[in-house]
Each structure stands twice: as C-alpha cells, then as structure tokens.
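The structure under discussion appears below in the form of structure tokens.
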Amino acid sequence: MSVLTIVEAVLLIVAIVYIVALLRSHADILRRLAALETGAAGPPRAVSSAPAGGHVVRAAEISGVTLGGDVVTLAFGGGSPVTLLAFLTSGCASCAPLWTGLRESGQAAALADRVVVVTHDTTRESPARLRSLAPTGVEVVMASAAWDDYAVPASPHFVLTDGAGGILGRGSALSWSQLLDMVGDARADADGVGGAPARTTAERAARSEQTLARSGIGAGHPSLYPSATVGQDEGDR
C-alpha cells in the first residue's frame, strides 16, 4: 500500500510540474501577442540584411559603364553628395515597384541628393532592357564588382552614403513606402531627429513626411499621385 502511495505521489508531482510548464509557456505566448498588439515589437519594417562578406562601413568607389557606354568612376568621399545606391537588376520581379517609383517625377529627390542605380554588367544584364527601365535623371551604372565591394546579398538592396566616405544605412525594401521609411530612419538617426528609429506607424509616417519636406515635396505634390499624373499625360497625348 505504501509503494502505491509513493507511486501516486510521484505521478502527481510529475503532473504538477508538467502543468506548471504548460502554464508558463502559455503565459509567454500571451505576453508576446500582447507586445505585438501594442506595437512594442514594432510594425513590419524593410528587411535589413547583414553584409554577407563582413560589416561594410566605408563607401567604396564604384567603377563601371553607363548605358551610353561611358566608363565612369564614382567616389563618395568628403564633400560628395549624400547618395543612395540602388542595387537593382532588369530581371528581378521584386525590383519592379522600385524601378517604377524611381521613374515617377520627383520621387527620387525624396530619397537623397543623388540616386545611382547599380546593376550587374552586360554578362548578366540586357542593356536594352535596362534602357527601358532607366529613370530620367537617375544615373545607371553597370558594375558587378560593386556588388561584391558592398557585400550585396540580393536585389533589391539599398545603401545610403553620408557624403564623407561612410555609410548611413543599408537594407532591403520591397515597396516605395518601405524605401522611404528606411531612408528617412537612417537620415533622422544620423541627424539626431527623434532619437531612436521610428517604431510606430505614426512615427514612420512622420519620418517619411520629413524626408519629403526636405526635398520640397509636400501635400498635393503631383509625384505623390502617380495615377493622376499618368491620366494627365495620356490626356495631353
């Protein structure tokens, strides 16, 4: 009888431990869900990718060929404009909305003082296709070596230089709004505006508005309503 009692006691203890573990796991799940609902974990953000070949902190020169066939070397040292390097390709489906955004009138100006699209060279790109995608007023340089120099993991990928040889920020974005948020956060963090990176939708919207305002794009600007602009262009024709 005493043996049976001991066995029952042991089983009871095991059951209690198991129940406590389940309760703790359930409580942890509830805490995580609550954090997500209150925004403590932050809204979905553009995916930031760590460089595959190490942490690149300096803006390397880029040597390549333009769509016109000219050999160029771009430097990003002291005194150079703040530049957004957009690593895009002609065959990347995820790059399509970024190419479109860059082609919209005034959109590129909201990102940086200078925007340069960096593609692979002609061994992996179609120059004809690139010419059909190339935004007016935005430099396009074919330079496969730059992808290695900047440890670009995949396209689309973006690197924002600081005009003094360094890098303000980098990461991937799959939409124009994500790209604006990413660039706005990087510039605001560098300027000390608002302290920590934006964590809520309202903060991200405010950062985007600040970025647009610095480029002279405010409420009602035609570049913010691409469908309307397209309609006007078709009407003119």
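Below is a table of values for the structure above.
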| quantity | calculated |
| --- | --- |
| Residue list for segment 150-191, restricted to those being over 22 Å from G101 (Cα atoms) and touching a strand residue (DSSP E or B) at 6+ places or on another chain (Cβ under 8 Å) | Y150, D162, G163, G165, G166, I167, D189, A190 |
| Filter pass, T89 being free of Cβ contacts under 8 Å to residues at least 24 places away in the same chain, of a type outside the set (D, E) and within 24 Å of A128 (Cα to Cα) | no |
| Neighbours by Cβ (under 7 Å, 6+ apart or cross-chain): first from segment 138-150, at negative phi; second assigned to a helix (DSSP H, G or I) | V138/L102; V138/A108; V140/L130 |
| Spans of strands (runs of 3 or more DSSP E) in segment 105-196 with at least 2 residues more than 22 Å from C92 (Cα to Cα) | 167-171 |
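Here, each number is a calculation from the coordinates, and none is a lab measurement. Quick caveat: nothing in here was measured; it's all calculated off a predicted structure. Cβ sites come from the backbone with ideal geometry, for glycine too, and all protein chains shown count toward neighbours.
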